[in-house]
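The values are calculated or read from the model by the stated rules, or taken from the named source; none is laboratory data. Just so it is clear, the structure is predicted and the values come from calculations on it, not from any experiment. No Cβ is skipped: glycine too gets one built from the backbone with ideal geometry, and neighbour counts run over all protein chains shown. Note: accessible area is taken over every heavy atom of the protein model, side chains too, but ligands, DNA and RNA are not part of it. Shrake-Rupley method; radii C 1.70, N 1.55, O 1.52, S 1.80 Å.
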Amino acid sequence: DTAMICRPSGHHQLPTIAHLSDEIIRDFNKEIRRRREVYRAEHGVLPRPRDVIDQLLARDVMAALAHEIALRRGPRSDNLIHIMLEWISWQGELATIVIPAAEVKGRTPSDPDLPIPLGPRASRLLSRYLGGVRQAALLPGDMRNPYLFPGQDDRSSELGRPYTGLLKRVVACVHERVGVRINPHLYRHLIGWIWLKEDVNALPQVQRLLGHRSLQTTLSYYAEIDETLALDSWQTLLDEKRRTGAEVRLVA
């Protein structure tokens with residue numbers, strides 16, 4: 001599950017995170033066009049785009065969609081991976097994912113559900129994904145899989161499971177394209193980090209957006225993220241400095 005379209009963009013800036021799904025889909029579309037032309041050159045007919053999508057390409061779209069959903073509301077990793085098709089509702093062309101309160105950490109069945117309104121851009125991506133890409137992602141015999149992101153590993157021969165490696169694929173895309181390395185379980189806090197970098201006074205809104213009961217919880221997460229990014233930045237800087245001189249190798 002390591003092969004993917006994600007490539008370094010060369011723009012190691014935080015705003016690129018907000019456009020990550022666009023970059024992934026742009027490369028996906030480019031690859032689809034290439035495959036269709038190759039097929040036409042070999043067979044004399046131009047196939048439908050969905051006919052040249054395989055599981056690896058479908059996984060890139062799943063990563064882009066998962067990233068887009070995470071940007072909307074920052075659901076916890078387990079909730080994101082286990083989104084059910086039945087949780088999706090449509091109001092015209094706009095989609096909302098409603099995670100039942102009982103599935104959300106810190107909530108009881110009597111608490112409000114967690115709605116994730118996707119907005120026009122993410123709703124269009126979701127619609128296109130459901131319209132053909134998701135079918136290419138399904139394992140043989142898994143047509144009744146209830147999850148938005150169906151399982152990709154058939155080693156256990158169990159069907160009807162979610163794609164548990166989804167966030168690892170997403171954070172790999174973030175690292176390769178943006179230069180930010182982060183643990184999957186902290187991924188949802190990137191949206192708060194982006195917001196706080198733009199407006200340091202947005203901490204109370206970030207607390208409500210992510211559903212933290214206390215402001216201290218929010219603060220503690222961003223301290224951990226800043227440490228992760230600082231360590232990664234320092235290692236990169238150190239490596240760049242050391243490339244300017246010859247390495248002295250140990251004689252053994």
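For A95, the amide hydrogen comes within under 5 Å of the amide hydrogens of L118, G119, S123, counting only partners 5 or more places away or on other chains and with H modelled in the peptide plane. Over the stretch 5-130, the fraction of Cα-Cα pairs per 10 Å bin, rounded to whole percents and listed from the shortest bin up, is 11, 35, 30, 17, 5, 1. Take the stretch 113-170 with all the other protein chains still there, run a 1.4 Å probe, and you get 51 Å² of accessible area per residue. Modelled label positions at Q216 and A41, each set 7 Å beyond Cα in the direction of Cβ, lie 6.4 nm from each other.
All other residues with a Cβ under 10 Å from the Cβ of P184 taken together, and with Lys, Arg as +1 and Asp, Glu as -1, what is their net charge? Around P184, the surrounding residues sum to +3. 3J(HN,Hα) along the stretch 61-69: 5, 4, 5, 5, 5, 4, 4, 5, 5 Hz, from the Karplus curve 6.51 cos²θ - 1.76 cosθ + 1.60 with θ = phi - 60°, whole Hz, x for Gly and Pro. Round to the nearest 0.05 the FRET efficiency obtained for D239 and L186 when R0 = 25 Å and r is the Cβ-Cβ distance. The pair D239/L186 has a calculated efficiency of 0.60. Each label was represented as a point 7 Å from its Cα along the Cα-to-Cβ direction; for D54 and L85 these points are 2.5 nm apart. Amide H contacts under 5 Å for R76: none, restricted to partners 5 or more places along the chain or on a different chain, H placed in the peptide plane at 1.01 Å from N.
The calculated FRET efficiency for the pair A102 and M143, based on their C-beta separation and a Förster distance of 22 Å, comes to about 0.20.
By average Cβ neighbour count within 10 Å, what is the ranking of 116-129, 72-85 from highest down? Don't skip to the answer; put the middle values down first.
Numbers: 116-129: 17.4, 72-85: 19.4.
Per-residue mean Cβ counts within 10 Å order the peptides as 72-85, 116-129.
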